[in-house]
Amino acid sequence: MPKPTPADPWQGFRPGSWQVRTDVENFIAANCEPYLGDDSDLTGPTERTQALWVQAQMLQQAARATARRSAGPGATPAGRFGADYLDRREELVYGLIDPLDVEQLPVGSDCRQLALYGSQRLRRLGMQSGAVETVEALAGCYGLDIGRPAATAQQAIQWTYLALLATRDPLFGQRRTVSGLDTFFDVYFQRDLGRGLLVEEEAQELVDDLMIKLRLPQPTLSELYLPLAAGVDPEGRPLVTRTDFRFVNTYYTLGPAAEPHLLVLWSAALSGAFRRFCGEVTIDTSSLRYAQSLPLPQTGLAQTFSPDALGATRAEQVENLGLWLDRQPDDLHLGINVFGREALVSTLTRPNKFAHLTVQLADGAVDLHSLSPLGRRQVLLQLLGSFER
């Protein structure tokens, strides 16, 4: 049964200057609270999520095989959209586009503004007029009215995603870093959980659906970085939210992936529970990226460890990985692979069996299944050549 949508989109939020001027950061500062727990209450994938992810993977395979989402005959001109779905009845977050010329799309700024204020207010203020019109056109294809602020966590994610999808970064063709989604969405999640509109499994489903869409080969989302734990709490400590755990958990609910890059802003001051969880996910999936500051450093580094080199037990491995990250300079973005040498050799000889692996390189991550046989071999030989014992 559909859940009711509250009449007042801002009901339950703490007041602040964000109500009278466009200020997303003030909204977050007034309403976001640190999460002091651990990963014990995270949920696994639902059957619906698993089925939708299978369909998304089929689309990925088709895109690689036929390049159907690249510019060419039959593509949709920029600024003109048609509704496209993975599974209309099952999706929680809508939106797929295939513009002919991405550079003709309007430049977007803070995509969260649309969710917090709605397109009508942004239009009245004359803010991002071209971008707002374009996002409204895309929303209309799905029968969505984005004129009012988002009233639920689902709408906040949907509105924000459409704004991200239908606009381009001013530095199109380079890395696109979108900060603050974790803290922004967490405010909506906590409010909806508190008033009984969501349970934790449904919150994870929404994050999973967003990540499924961000993993698809869509032109405005290439080389996308999503920083986590980049905020600061009132005491000046890194702000870790429950939604940071939910984002990282997608590497378990959906499996490893190179993009979008989840970028953990690493610090010795992070909560011990979040440091441990990130270490565990890195050891299991080699999917997280790390940095110590924003903007994202231009220089990258990838390091490959064998599990034994990190420690004799799982706890030692996680602890030593965190200590290694603590010692790294702050002018790098870092990728970490944790593989046994035997696994890499096996991947060379039986590539189809291990094609699901995600591998960190100096300039970013790659999914082995997305590479040609020659490209896959070159990456694996590079890893073997720099193996850390």
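Rule-based calculations on the coordinates, nothing more; no lab input. It should be emphasised that the depicted structure is a prediction, and the values quoted were computed from it without experimental measurement. Cβ: placed from backbone, ideal geometry, glycine included. Neighbour counts: every protein chain shown.
Dipole size in debye (nearest 20) for the chain around its Cα centre, Lys and Arg Cβ +1, Asp and Glu Cβ -1? Don't jump to the answer; show the numbers that get you there.
Details: 36 positive and 46 negative charges, 165 e Å.
Magnitude of the dipole: close to 800 debye.
Most exposed first by the Cβ proxy, i.e. fewest other Cβ within 10 Å, how do D326, D186 rank?
Final ranking by Cβ density, sparse to dense: D326, D186.
What list of ³J(HN,Hα) values in whole Hz, one per residue of the stretch 280-287 in order, does the Karplus curve 6.51 cos²θ - 1.76 cosθ + 1.60 (θ = phi - 60°) give from phi, with Gly and Pro shown as x?
My calculation for the stretch 280-287 gives 5, 5, 5, 5, 7, 10, 6, 10 Hz in order.
Given H placed 1.01 Å from N in the peptide plane, which residues other than close sequence neighbours of L239 have an amide H under 5 Å from its amide H?
Counting only residues 5 or more places away or on other chains, the set is G231, V232, D233.
For the stretch 134-144, take each phi angle, set θ = phi - 60°, evaluate the Karplus expression 6.51 cos²θ - 1.76 cosθ + 1.60, and give the result in whole Hz per residue in order, putting x for glycine and proline.
5, 5, 4, 5, 5, 4, x, 4, 9, x, 9
Calculate how large, on average over all directions, the projected area of the Cα convex hull of the stretch 178-307 is; give the answer in nm² to one decimal. If you can, show how the numbers build up before the last one.
Values: hull surface 35.4 nm².
Answer in nm², one decimal: 8.9.
Just the Cα atoms of the stretch 11-56, one point each, no solvent: what log10 I(q)/I(0) does Debye give at q = 0.22 Å⁻¹?
-0.75
I need the phi-derived Karplus couplings for the stretch 225-231: 6.51 cos²θ - 1.76 cosθ + 1.60, θ = phi - 60°, integer Hz, Gly and Pro marked x.
10, 10, x, 10, 6, 8, x
So what's the stretch 126-182 giving for Rg/Rh, alpha carbon basis, Kirkwood Rh from the mean inverse pair distance? Don't jump to the answer; show the numbers that get you there.
Numbers: Rg = 12.1 Å, Rh = 12.4 Å.
When Rh is taken as the Kirkwood radius, the ratio is 0.97.
What three numbers, in Å, describe the spread of the alpha carbons of the stretch 269-384 along their principal axes, ordered from the longest?
The Cα atoms of the stretch 269-384 stretch 42, 34, 18 Å along their principal axes.
Thinking of the chain as a set of Cα atoms, what percent of all their pairs are more than 42 Å apart?
On the way: 7508 of 75466 pairs.
Here the long-distance tail beyond 42 Å is 10 percent of all Cα pairs in the chain.
Under a Cβ-only charge scheme (Lys and Arg +1, Asp and Glu -1), can you give me the dipole magnitude of the stretch 14-53 about the Cα centre, in debye to the nearest 20? The partial results should precede the final answer.
Details: 3 positive and 7 negative charges, 58 e Å.
Here the size comes out at about 280 debye.
Give, as a single signed number, the net charge of other residues whose beta carbon lies under 10 Å from the beta carbon of D182, with Lys and Arg counted +1 and Asp and Glu -1. All intermediate terms of the calculation are to be shown ahead of the outcome.
Numbers: positive: R242, R246; negative: D186, D244.
Result for the local shell: 0.
When a/c reaches 1.5 or more, the comparison of a/b and b/c decides; with that in mind, is the stretch 241-327 rounded, prolate or oblate per its Cα gyration tensor?
On the way: a/c = 1.30, a/b = 1.15, b/c = 1.13.
Here the stretch 241-327 falls in the rounded category.
Rounded to the nearest 5, what % of DSSP beta bridges with both residues in the chain are antiparallel? Spell out each step's value before the answer.
Numbers: 8 of 28 bridges.
So the antiparallel bridges in the chain amount to around 30 percent.
Name the long-range amide H neighbours of L332: under 5 Å, sequence gap of 5 or more, or other chain; modelled H, no Pro or chain starts.
Q292
Mean-square fluctuation check for the chain, GNM, Cα pairs under 10 Å: which of A312, A139, A115 is largest?
A312
Could you tell me the ratio Rg/Rh of the stretch 115-268? Both radii from Cα atoms, Rh via Kirkwood. Show your work: numbers first, answer last.
Details: Rg = 15.7 Å, Rh = 16.4 Å.
We get a ratio of 0.96 for the stretch 115-268.
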